Amino acid sequence: MLTIHDMTYPAIKTEYARLYLLPVETRVPLKFGAETLTHVTCARVELGCRATGVTAPEHTVHIGWGETPLNVQWVWPSSVPYVERERALIAFTRLLLEEWISYSGSGHPVDIGHSFLTQRLPAVRERFNRTERSGAEPLPELAALVCCSPFDIALHDAYGTATGRPVYECYGPDDLPHDLSSFFDDPAFEGRYVSDYLKTPEKTSIPAWHLVGGRDAVEQGDLTGEEPDDGYPVLLKDWIQTDGLRCLKVKLSGDDSAWDLKRLLQVGRVARANQVEWLSADFNCRVTKPAYVNDVLDTLQSRDRETWNSLLYVEQPFPYDLEAHRIDVHSVAMRKPLFMDESAHDWKMVRLGYELGWNGVALKTCKTQTGALLSLCWAKEHGMQIMVQDLTNPMLAQISHAQLGYYAGTIMGVETNGMQFYPEASTPEAAVHPGLYRRRNGMVDLSSCLGRPGFGYRTEDIERQLPQPELERRNHG
């Protein structure tokens, strides 16, 4: 329990942690730049926490849940064999469970999360790379964040559960003992809290973005005969008509401008014929010079003005390590809003991107709930636009992801594509939250989880049989 200026604040501390590994197979391949995803392991974390300054008895254990797909291809693009990279991610996640249990932090999850991310996580990753990855390619920072995220998300959920309130009602001055200036060391944030940068929509539904992957069948001629016959759409037109889609995100190659232009023109034709309103273009970090993107955009504008007009923003064309690749991107951002994604590790990287000319940020809960919230606040204070992008989140991961999209005040809804690539993976969760796992009239509906404590998972109502924990530890401190 924290007391500042005669005000008592709720405080939370982890007592036990359990890690579950849930394998998921895709129904169709998802191409990520030079690699293709066909399966993923989701890390689900259960945290049992004690809380002070709440109405529940002090001995009560408040349970929080967090989940993130350990998407190897996205977090660690490399020629290192997939199996080796996946094993490293799982080993690091196991190590982080030990670290979260031994961590002595107590307080608000934003404070604890920020402290862990800035003080503990870098040291753990350095030690892991020095010992477990000695002589091998080191585990990247983005991978470390993704491994850390289910613990951080679970802590936020546990805090909401302990206070009996939705987690997005827990980010104001009644819960945080200090304002944002303590994180950013910037007087512009004095008297400002996370809650000041959030927005609650009037309706419970928000627009859903569909992902057009690099190997997806856009038109009849793209069919190979190997597509699944499982009752779900295959052709883009059928997805649009079945789900009432109005927003399409187009994956591009980033190293074949002719193919990228052709793909945008092709998707634009189908979109226009089916009353789709908005497109976005994702170059997947493979571009090294702004001229590449500018040429694609300028040619698109001259050849197909309607598709150009429907292009709402461009996502992450350039390498995600901004410090190593300080590319001035003002020329691209002048043409279309340019959104950081993989680069936006934390608010400091957002600040560097802003200085280089980026004018938008795509947030993801897989880089931790704490990090996403702080990046959101810094970006909004500096006039940057916001999107929330998917990591093809199934099961519980979809619920926290969709809520960030709901409250962040995005440029247009939220990307959500788990129902495209592994719709059956979330069947138990979809029985309780049907609006979150199926897109209707181009929207996802959050009414089943809003207004409930924590993230409103309702795990007690979800009939999912979890495997034995991969690892379990208790804090004996």
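The values are calculated or read from the model by the stated rules, or taken from the named source; none is laboratory data. Here the structure is a predicted model, which means the values were calculated and not measured. In this analysis, Cβ positions are derived from the backbone assuming ideal geometry, glycine residues included, and neighbour counts consider all displayed protein chains.
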(request) Of the conditions (1) over 20 Å from the mean Cα position of the chain (by Cα); (2) more than 30 Å from Glu58 (Cβ to Cβ), Phe183 clears all except one; give me its number. (result) (2)
(request) Report yes if some residue within region 186-207 is farther than 18 Å from Phe455 by Cα, touching a strand residue (DSSP E or B) at 6+ places or on another chain (Cβ under 7 Å) and in the same structural domain as Gly435 (by TED's automatic domain parsing); otherwise report no. (result) yes
(request) Within region 25-49, track down each residue that is closer than 26 Å to Gly113 by Cβ and surrounded by fewer than 21 Cβ atoms within 10 Å (Cβ to Cβ). (result) Thr41, Gly48
(message) Restricting to region 195-240, give me the number of residues that are exposed (fewer than 11 other Cβ atoms within 10 Å of the Cβ) and touching a Lys or Arg at 6+ places or on another chain (Cβ under 6 Å).
(response) 1
(request) Take Glu424 and decide whether it is under 22 Å from Gly213 (Cα atoms), of a type outside the set (Ser, Thr, Tyr) and surrounded by fewer than 21 Cβ atoms within 10 Å (Cβ to Cβ). (result) yes
(message) Every residue in region 336-376 that is aliphatic (A, V, I, L, M) and closer than 26 Å to Leu300 by Cα, please.
(response) Leu338, Met340, Leu356, Val361, Ala362
(request) Would you be able to say whether some residue in region 192-206 is over 30 Å from Leu374 (Cβ atoms) and within 24 Å of the chain's Cα centre (by Cα)? (result) no
(request) Among residues belonging to region 327-385 that are among the hydroxyl-bearing types (Ser, Thr, Tyr) and part of a loop (DSSP other than H, G, I, E, B), point out the one that is farthest from Gln73 (Cα to Cα). (result) Thr368
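Table: residues versus (1) more than 23 Å from Arg286 (Cα to Cα); (2) of a type in the set (Val, Ile, Thr); (3) in the same structural domain as Gly160 (by TED's automatic domain parsing); (4) in contact (Cβ under 8 Å) with a residue 60 or more places away in the chain.
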| residue | (1), (2), (3), (4) |
| --- | --- |
| Tyr20 | yes, no, yes, yes |
| Thr26 | yes, yes, yes, yes |
| Pro29 | no, no, yes, yes |
| Thr38 | no, yes, yes, no |
| Val45 | yes, yes, yes, yes |
| Val54 | yes, yes, yes, yes |
| Pro57 | yes, no, yes, no |
(message) If I ask for residues that are farther than 17 Å from Asp216 by Cβ, of a type outside the set (Phe, Trp, Tyr) and part of a helix (DSSP H, G or I), which ones from region 262-296 would you list?
(response) Arg272, Pro290, Ala291, Val293, Asn294, Asp295, Val296
(request) Mind listing whichever residues of region 57-115 are surrounded by 19 or more Cβ atoms within 10 Å (Cβ to Cβ), aromatic (Phe, Trp, Tyr) and part of a helix (DSSP H, G or I)? (result) Trp74, Phe92, Trp100
(request) Please go through region 128-173 and pick out each residue that is over 16 Å from Val194 (Cα atoms), of a type in the set (Gly, Ala, Ser) and assigned to a helix (DSSP H, G or I). (result) Ala143, Ala144, Ser149, Ala154, Ala158, Ala162
